[in-house]
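Have a look at the structure below before the remarks.
Only the coordinates and a few stated rules stand behind these numbers; no lab work does. Here the structure is a predicted model, which is why all the values come from computation and not from measurement. Positions of Cβ are generated from backbone atoms using ideal geometry, with glycine treated the same way; all protein chains shown enter the neighbour counts.
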Amino acid sequence: MNKIQFNIDKITRENVKGLEPYSSARDEYVSDGSEMIFLDANENPYDNGVNRYPDPQQRSLKSVLVSQKGVSPQNILLGNGSDEVLDLLFRAFCEPNVDNIITLPPTYGMYKVLANINNIEEKEVLLTQNFEPNVSEILEAVDATTKIIFLCSPNNPTGNSFSEDSIIKILENFQGLVVIDEAYIDFSSKESWINKIETYPNLIITQTLSKAYGMAGIRLGLCYASEDIIAILNKIKPPYNVNELTQQRALERVKNVDQVKEEVANILKERKKLTTVLSEIDFIEKIYPTDANFILVKVDNANLRYDQLLKKGIVIRNRTTQPLCENTLRLTVGTEIENNELIKALKEL
Ligand SMILES: *Cc1c(COP(=O)(O)O)cnc(C)c1O
């Protein structure tokens with residue numbers, strides 16, 4: 001099926017291949033549940049709930065994810081937000097000053113920022129007019145040192161999911177890694193690509209608890225990929241990158257996935273209502289189809305409308321400077337009360 005031969009050894013940085021990871025106290029003695037006296041990590045012994053180092057492998061949290069997502073713990077890496085997960089990908093696979101990555105603007109700004117921080121050239125291949133990947137141009141932009149192609153689906157700020165066909169063509173014709181950023185997947189009518197990590201050894205999925213799960217404040221990012229890829233990321237991650245408070249709150253939340261689903265259902269209902277009402281506002285020229293918890297609209301004058309809403313106490317995102325996004329605004333779907341305030345304000349303009 002794959003037209004290319006994927007070889008993880010060929011794309012991993014030399015220094016990472018040879019790396020001996022830091023071995024923490026909690027790596028060297030892994031609890032089997034028996035009562036032990038812990039005098040190995042120089043912690044303060046007086047219990048206050050967080051006096052001990054957290055589990056470096058977040059086993060409790062992963063065990064819930066394993067049952068919900070149908071992958072094994074060796075397919076999961078957790079990080080301090082997706083931002084840390086994405087940064088680890090650069091540090092594991094992209095040689096500074098040598099390698100390059102490809103992004104598809106208009107898209108999430110962090111890929112470019114992380115490329116710049118890590119001194120990796122970022123090649124940009126614009127999405128098409130209807131915000132789909134331009135597959136032939138992407139494959140033409142690939143060279144021998146292209147390590148990662150970042151696909152954001154559903155895409156921020158456009159809101160649409162990319163066609164399955166385009167994603168498969170990229171996966172099957174690229175020898176480096178394909179990251180699908182699924183930050184908004186829980187709002188989407190399309191299925192996650194998580195079940196395809198066995199089919200495509202070069203596929204990496206990132207997700208987050210920051211959006212649908214309502215936990216932007218605790219910083220938890222998730223990465224799903226082959227055991228080989230996850231093993232390399234585990235070698236370079238800081239041992240205690242996901243703190244104890246985050247692990248506890250995340251565990252409670254993922255166990256209570258029904259509550260998350262109920263909130264998502266409400267947000268989708270509100271998104272539908274908003275879409276209908278926005279189509280009646282005369283300065284809104286276009287409402288783009290969305291698979292996420294936000295709506296991108298084209299207006300007559302984005303800067304003017306943005307300022308007018310600010311004066312009415314409503315903050316939205318002005319995307320007018322982004323390529324293909326002239327005079328667009330991005331509206332996050334809020335609560336029913338917030339959305340009604342937005343509608344009222346828009347009608348008054
Ligand atoms: C919001 C968002 C994220 C979330 O990043 P975190 O660091 O996990 O909060 C990731 N990717 C995209 C495209 C986003 O819009």
Rank the residues I229, I11 as a footprinting-exposure proxy: fewest other Cβ atoms within 10 Å of their Cβ go first.
-> I11, I229
Counting DSSP beta bridges in the chain, what percent are antiparallel, to the nearest 5?
-> 55 percent
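Using square roots of five times the C-alpha gyration tensor eigenvalues, list the equivalent-ellipsoid semi-axes of region 210-303 in whole Å, biggest first. Don't skip to the answer; put the middle values down first.
Details: eigenvalues 270, 65, 30 Å².
They are 37, 18, 12 Å, listed largest first.
State whether region 151-243 is rounded, prolate or oblate according to the following rule on the C-alpha gyration tensor (a ≥ b ≥ c being the square roots of its eigenvalues): a/c under 1.5 gives rounded; otherwise a/b larger than b/c gives prolate, and the remaining case gives oblate.
oblate
Say a site is exposed when it is one of the GluC sites (Glu not before Pro), sits in a DSSP loop, and has at most 15 other Cβ atoms within 10 Å; what is then the longest site-free stretch of the chain? Write down the numbers at each step before the final one.
Details: sites that count: E35, E43, E191, E198, E280, E326.
That would be 44-190.
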Taking only Cα atoms of the chain, the Rg to Rh ratio with Kirkwood Rh works out at 1.00
Straight-line reach from K286: which lysines have a Cα under 21 Å away, not including same-chain ones fewer than 8 places off?
-> K269, K272, K273, K298, K344, K347
The exposure ranking of F283, F150, F187, fewest beta-carbon neighbours within 10 Å first, is F283, F187, F150
Solvent-free Debye scattering, log10 I(q)/I(0), computed from the Cα coordinates of region 196-264 at q = 0.12 Å⁻¹ | -0.40
Long-range amide H contacts for F283: which residues qualify at under 5 Å (H placed 1.01 Å from N, peptide plane, sequence gap of 5 or more or a different chain)?
-> none
Region 125-201 versus region 27-78: alpha-carbon centroid distance in Å | 34 Å
Give the cross-link partners of K255 among the lysines, using a straight C-alpha distance below 22 Å as the criterion and excluding same-chain residues fewer than 8 apart.
-> K62, K69, K211
Check each of the trypsin sites (Lys or Arg not before Pro) in region 302-337 and keep only those in coil by DSSP with at most 14 other C-beta atoms within 10 angstrom; list them in order.
-> K312
Could you work out which residue, out of T276, T320, T290, moves most in a Gaussian network model of the chain, that is, has the largest mean-square fluctuation with Cα springs under 10 Å?
-> T276
For the T199, S67 Cβ pair and Förster radius 22 Å, calculated FRET efficiency rounded to 0.05 is 0.55
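Output needed for region 275-349: three equivalent-ellipsoid semi-axes, defined as square roots of 5 times the C-alpha gyration tensor eigenvalues, in descending order, whole Å. Don't skip to the end; give the middle numbers.
On the way: eigenvalues 58, 42, 28 Å².
Equivalent ellipsoid semi-axes, largest first: 17, 14, 12 Å.
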Mind checking which aspartates and glutamates have their Cα closer than 13 Å to the Cα of K17? Skip sequence neighbours fewer than 8 apart in that chain.
-> D9, E95, D228
